[in-house]
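A.B. asks: Quick one: the structure is below, questions incoming.
The values are calculated or read from the model by the stated rules, or taken from the named source; none is laboratory data. Remember, predicted model here, so these are calculated numbers, not experimental data. A quick note on method: Cβ atoms are made from the backbone with ideal geometry, for glycine too, and the neighbour counts reach across all protein chains shown. Protein only, heavy atoms only, side chains kept; ligands, DNA and RNA dropped before computing areas. Shrake-Rupley method; radii C 1.70, N 1.55, O 1.52, S 1.80 Å.
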Amino acid sequence: MKNPYVFGFLPLITILLFSLNFSVYTMNKAIELFKVIGVYSGMREFLSDLELKLFLLIILVLVYFMLFSALKLIAETIHEIGMLFFSKDFEGKTISQARGGYVIFFVGSVISAVGLQSIQLLLLLFLATAFIYFIYVVFKLSNSMSLLGTVGLIMFEIIVWSIFLALIIYAVIKLYNGIIASLPLL
């Protein structure tokens with residue numbers, strides 16, 4: 001008997017592992033920054049070194065968990081809207097076929113533990129995992145879609161993600177320029 005929910009826990013574990021890996025890197029950089037600006041010794045008056053690291057780690061894991069959870073929700077929504085437009089499957093069987101791809105993200109999150117000292121390696125592993133997962137899902141879904149539907153789904157997802165990233169980059173640049181403009185010039 002094959003249980004369709006066997007991979008149901010993997011997204012949670014994957015998000016936790018990616019969050020932990022990114023948080024450990026960020027925590028180490030934050031502690032280095034605190035030491036450089038002279039805040040670390042003041043923080044050490046209230047907390048021991050272990051307590052400070054644990055406190056920072058918990059806060060950062062929570063922040064990254066929220067970020068990755070939001071990205072997963074957005075990605076699933078974009079994908080399912082694309083499937084609504086381009087799939088001929090009206091019973092939802094193709095969604096269950098692609099659930100095996102959760103293992104790809106799980107393996108990527110485990111492998112990302114080797115990149116704890118490099119944000120570039122962590123980001124590269126995360127993006128490579130997402131790309132491999134995308135290829136796997138498109139391959140699995142292409143069996144139940146026409147060639148035009150498959151190309152349409154791929155283009156739809158690329159266009160929506162590009163617009164989403166462009167809006168984020170635009171907002172960050174506007175925020176940065178606003179902060180810089182509000183600083184008094186010496």
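A.B. asks: May I ask you to say which residue of I58, I13 is assigned to a helix (DSSP H, G or I) and closer than 30 Å to K93 by Cβ?
C.D. replies: The unique qualifying residue is I13.
A.B. asks: Hey, another quick one. All but one of (1) modelled with pLDDT of 90 or more; (2) open to solvent by less than 60 Å² (accessible area, probe 1.4 Å); (3) over 30 Å from Y5 (Cα atoms); (4) not β-branched (V, I, T) hold for L116; which doesn't?
C.D. replies: All conditions pass for L116, except number (1).
A.B. asks: Considering only segment 119-143, state which residues are among the polar types (S, T, N, Q), exposed (fewer than 15 other Cβ atoms within 10 Å of the Cβ) and within 18 Å of A98 (Cα to Cα).
C.D. replies: The one that is among the polar types (S, T, N, Q), exposed (fewer than 15 other Cβ atoms within 10 Å of the Cβ) and within 18 Å of A98 (Cα to Cα): N143.
A.B. asks: Report every pair of residues separated by at least 6 positions or lying on different chains whose Cβ atoms are under 7 Å apart, first residue within segment 99-114 and of a type outside the set (G, A, S), second outside any helix (DSSP H, G or I) and open to solvent by 40 Å² or more (accessible area, probe 1.4 Å).
C.D. replies: Pairs that qualify, where the first residue is of a type outside the set (G, A, S) and the partner is outside any helix (DSSP H, G or I) and open to solvent by 40 Å² or more (accessible area, probe 1.4 Å), are R99/F7; Y102/F7; V103/F7.
A.B. asks: When segment 76-102 is examined, which residues are found to be out of contact with any helix residue (DSSP H, G or I) (no Cβ under 8 Å at 6 or more places or on another chain) and crowded, with 17+ Cβ neighbours inside 10 Å?
C.D. replies: R99
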